[in-house]
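S.K.: The structure is given below, and queries will be raised subsequently.
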Amino acid sequence: MKFTMIFLFVLLVGIGIYAWTQGPEVFSQALSNSKNQLLRFAPILVIAVVLAGFAEAVIPKEFIENWLSDTSGWRGITLAWIAGIFTPIAGVLAMPLVAVLYQAGASLAVIMTYLTSLATLSLMKVPIEIGIYGWKLTALRFGVSLALPLIAGFLTLAIVQVFQVK
């Protein structure tokens, strides 16, 4: 986390200096854009982090041990696949929840399955895709993507077992 913050800070300083060299108008516009983005996304991110904190408090340890841990095998992968489909939030907002589940003992295979399912199969995106692509392309994309999270989960499970990754 510290490395990420340092990297982003250095990137911010670098792009800020570049914007400054482009003139006061560009720098002012950059600050204005940043303020607008912050005001738009900060409340959502705060809610996502608070939601993750509540999830950490209310999800029983037994559930994670039985259904999401290294010993859960195909059950955990299947549950994560289904959960990713029905999670009503975007991937970035699910990150705090994923971090909490991982720290609580969810396996890497379960986490990988969930993240891949959320990214490729989230039902939240389907109405938007139908409106943009049409139902045929959306159905084809969804159908072709159905197996991807399961492949990612079982591949992760194999990698973890072969290379003893934790």
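The values are calculated or read from the model by the stated rules, or taken from the named source; none is laboratory data. All of these numbers come straight from a predicted model, not from anything done at the bench. As a convention, Cβ positions derive from the backbone with ideal geometry for all residues, glycine included, and neighbour counts pool all protein chains shown.
S.K.: Considering 69, 107, 117, which residue is of a type outside the set (Val, Ile, Thr), over 14 Å from residue 150 (Cβ atoms), surrounded by 23 or more Cβ atoms within 10 Å (Cβ to Cβ) and not assigned by TED's automatic domain parsing to the domain that holds residue 52?
M.R.: 107
S.K.: Okay, next question. Have a look at 165, 100, 160 and point out the one that is modelled with pLDDT under 90 and more than 13 Å from the chain's Cα centre (by Cα).
M.R.: Details: 100 fails: more than 13 Å from the chain's Cα centre (by Cα); 160 fails: modelled with pLDDT under 90.
One residue alone meets the criteria, 165.
S.K.: Take residue 35 and tell me if it is of a type in the set (Lys, Arg) and either over 28 Å from residue 118 (Cα atoms) or surrounded by fewer than 10 Cβ atoms within 10 Å (Cβ to Cβ) (or both).
M.R.: Spelling it out, residue 35 is indeed of a type in the set (Lys, Arg) and either over 28 Å from residue 118 (Cα atoms) or surrounded by fewer than 10 Cβ atoms within 10 Å (Cβ to Cβ) (or both).
S.K.: List the pairs whose first member sits in the range 153-166 and is under 17 Å from residue 106 (Cβ atoms), whose second member is surrounded by 11 or more Cβ atoms within 10 Å (Cβ to Cβ) and among the small types (Gly, Ala, Ser), and whose Cβ atoms are under 6 Å apart, counting only residues at least 6 apart or on separate chains?
M.R.: Pairs that qualify, where the first residue is under 17 Å from residue 106 (Cβ atoms) and the partner is surrounded by 11 or more Cβ atoms within 10 Å (Cβ to Cβ) and among the small types (Gly, Ala, Ser), are 153/109; 156/109; 157/109.
S.K.: Tell me the residue from 115, 121, 108 that is within 20 Å of residue 49 (Cα to Cα) and under 15 Å from the mean Cα position of the chain (by Cα), please.
M.R.: 115
S.K.: If I ask for residues that are part of a helix (DSSP H, G or I) and either surrounded by 16 or more Cβ atoms within 10 Å (Cβ to Cβ) or touching a strand residue (DSSP E or B) at 6+ places or on another chain (Cβ under 6 Å) (or both), which ones from the range 54-66 would you list?
M.R.: Start the filter on the range 54-66 by keeping residues that are part of a helix (DSSP H, G or I), which leaves 54-58, 61-66.
The answer is 64, and nothing else.
S.K.: From the list 56, 65, 25, which residue is more than 20 Å from residue 152 (Cβ to Cβ) and in contact with a Gly (Cβ under 7 Å, 6 or more places away or on another chain)?
M.R.: Values: 56 fails: in contact with a Gly (Cβ under 7 Å, 6 or more places away or on another chain); 25 fails: in contact with a Gly (Cβ under 7 Å, 6 or more places away or on another chain).
Within the list 56, 65, 25, the selection yields 65.
S.K.: Moving on. Please indicate, with yes or no, whether at least one residue in the range 133-155 is in a helix (DSSP H, G or I), among the small types (Gly, Ala, Ser), outside the structural domain of residue 50 (by TED's automatic domain parsing) and within 28 Å of residue 41 (Cα to Cα).
M.R.: No, that holds for no residue.
S.K.: Continuing with the same structure: If you check 89, 6, 82, 15, which single one turns out to be part of a helix (DSSP H, G or I) and either within 20 Å of residue 114 (Cβ to Cβ) or polar (S, T, N, Q) (or both)?
M.R.: 82
S.K.: Let me ask something else about it. Between 120, 87, 116, which is of a type in the set (Ser, Thr, Tyr) and closer than 19 Å to residue 44 by Cα?
M.R.: Result: 87 is the single residue among 120, 87, 116 that is of a type in the set (Ser, Thr, Tyr) and closer than 19 Å to residue 44 by Cα.
S.K.: Related question: Name, by its number, the condition in (1) modelled with pLDDT of 95 or more; (2) over 30 Å from residue 123 (Cα atoms) that does not hold for residue 5.
M.R.: Checking residue 5 against (1) modelled with pLDDT of 95 or more; (2) over 30 Å from residue 123 (Cα atoms), the one that fails is (1).
S.K.: Scan the range 27-46 and report the pairs whose first residue is part of a helix (DSSP H, G or I) and whose second residue is surrounded by 12 or more Cβ atoms within 10 Å (Cβ to Cβ), with Cβ atoms within less than 6 Å and a gap of 6+ or a chain change.
M.R.: Within 6 Å, the pairs are 27/19; 27/20; 30/19.
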